[in-house]
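A short worksheet on the structure shown next.
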Amino acid sequence: MSAKILVVEDEEPLALLLQYNLEAEGFTVELSHHGEEVEMMLEETEPSLIILDWMLPGVSGLELCRRIRANSKTARIPIVLLTARGEESDRVRGLSTGADDYVTKPFSVPELIARVKAVLRRANPESIADTLTIGDVELDRSAYRVKRGPREVRLGPTEFRLLEFLMQSPGRVYSRGQLLDSVWGQNVYVDERTVDVHIGRLRKALNRGKEKDPIRTVRGAGYSIAEYNEAQLR
Ligand code: CA
């Protein structure tokens, strides 16, 4: 899964924050800081979804939304509008202009990402898998549940996010710093040994039934989850 998301937002720190977090979720991100260039960009790129700020210099997000909808080539691209206004009448106005959803600033990034995924899922059910599977390890994002074969694996929220993150790119090795940034968040200052503690907990829970350990420690580099097939994991 690598849906491409076009983020149109003139506040650069917010645009970068969105880019960082969307990329951590496995999305490909393109940024635009100016409404004027969006239509030109859409001539060349076909995003799976557009996150569109309402208040932009030049053409407003609302006007852009109208234009994107009016162009047959872009009419079907889902749009999530961002705005500082929270009034119900504005909400209705945004949706009637053709936005698929509407998020009011300030918003939490996880909430926005959840909305983005929900809109993508509606637009294209295959673009976001609810379930990640590696060998006999199955992680269900919507039910927030992990199973190892028939056995339910109970994880704390950090272990769940850690496993979800690793399972998005099996075989790829992540340093402790990268895991901290992606799972704990960029602005959280915790010791890198915290990662080891949570990997330890995750392993314990995953391998409670004496199964083979799917998590690989790469000395001097970090951690990855193995690209095992089912037979190897048993
Ligand atoms: Ca703005």
Checklist outcome for this item: Of the conditions (1) within 20 Å of residue 25 (Cβ to Cβ); (2) among the hydrophobic types (A, V, I, L, M, F, W, C); (3) surrounded by fewer than 15 Cβ atoms within 10 Å (Cβ to Cβ), the single one that residue 166 does not satisfy is (3)
Checklist outcome for this item: Requiring at least 2 residues that are among the β-branched types (Val, Ile, Thr), the strands (runs of 3 or more DSSP E) wholly within the range 113-194 are 131-134
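Conditions (1) among the acidic types (Asp, Glu); (2) in the same structural domain as residue 195 (by TED's automatic domain parsing), marked per residue:
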{"residue": "116", "(1), (2)": "no, no"}
{"residue": "122", "(1), (2)": "no, no"}
{"residue": "156", "(1), (2)": "no, yes"}
{"residue": "159", "(1), (2)": "yes, yes"}
{"residue": "163", "(1), (2)": "no, yes"}
{"residue": "171", "(1), (2)": "no, yes"}
Item to check | Selection within the range 1-21 - away from the ligand (no atom under 16 Å from the Cβ) and of a type outside the set (Ser, Thr, Tyr) | outcome: 1, 3, 4, 5, 21
Checklist entry - Could we say that residue 155 is modelled with pLDDT of 90 or more, within 25 Å of residue 185 (Cα to Cα) and either more than 16 Å from the ligand (Cβ to nearest atom) or within 20 Å of the chain's Cα centre (by Cα) (or both) here? => result yes
Checklist entry - Hey, does the range 22-32 have a residue that's assigned by TED's automatic domain parsing to the domain that holds residue 108 and within 16 Å of the ligand (Cβ to nearest atom)? => result yes
Checklist outcome for this item: Among strands (runs of 3 or more DSSP E) entirely within the range 31-110, at least 3 residues that are of a type outside the set (A, V, I, L, M, F, W, C) and modelled with pLDDT under 90 occur in 101-104
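Residue-by-condition table, conditions (1) open to solvent by less than 40 Å² (accessible area, probe 1.4 Å); (2) over 26 Å from residue 13 (Cα atoms); (3) touching a strand residue (DSSP E or B) at 6+ places or on another chain (Cβ under 8 Å); (4) in the same structural domain as residue 25 (by TED's automatic domain parsing):
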position	(1), (2), (3), (4)
188	no, no, no, no
191	no, no, no, no
196	no, yes, no, no
199	yes, yes, yes, no
206	yes, yes, yes, no
Checklist entry - Of all residues in the range 34-56 being crowded, with 16+ Cβ neighbours inside 10 Å and within 14 Å of the ligand (Cβ to nearest atom), which is nearest to residue 116 (Cα to Cα)? => result 51
Next on the checklist: Only one of 112, 139 is aliphatic (A, V, I, L, M), over 19 Å from residue 28 (Cβ atoms) and touching a strand residue (DSSP E or B) at 6+ places or on another chain (Cβ under 6 Å). Can you tell me which?
Outcome noted: 139
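The values are calculated or read from the model by the stated rules, or taken from the named source; none is laboratory data. Note that the structure is a prediction, hence the values are computed from the model and not measured. Every residue, glycine as well, gets a Cβ built from its backbone with ideal geometry; the counts of neighbours run over all protein chains shown. To get the accessible areas, we keep the full protein, side chains included, count just its heavy atoms, and leave off ligands, DNA and RNA. Shrake-Rupley method; radii C 1.70, N 1.55, O 1.52, S 1.80 Å.
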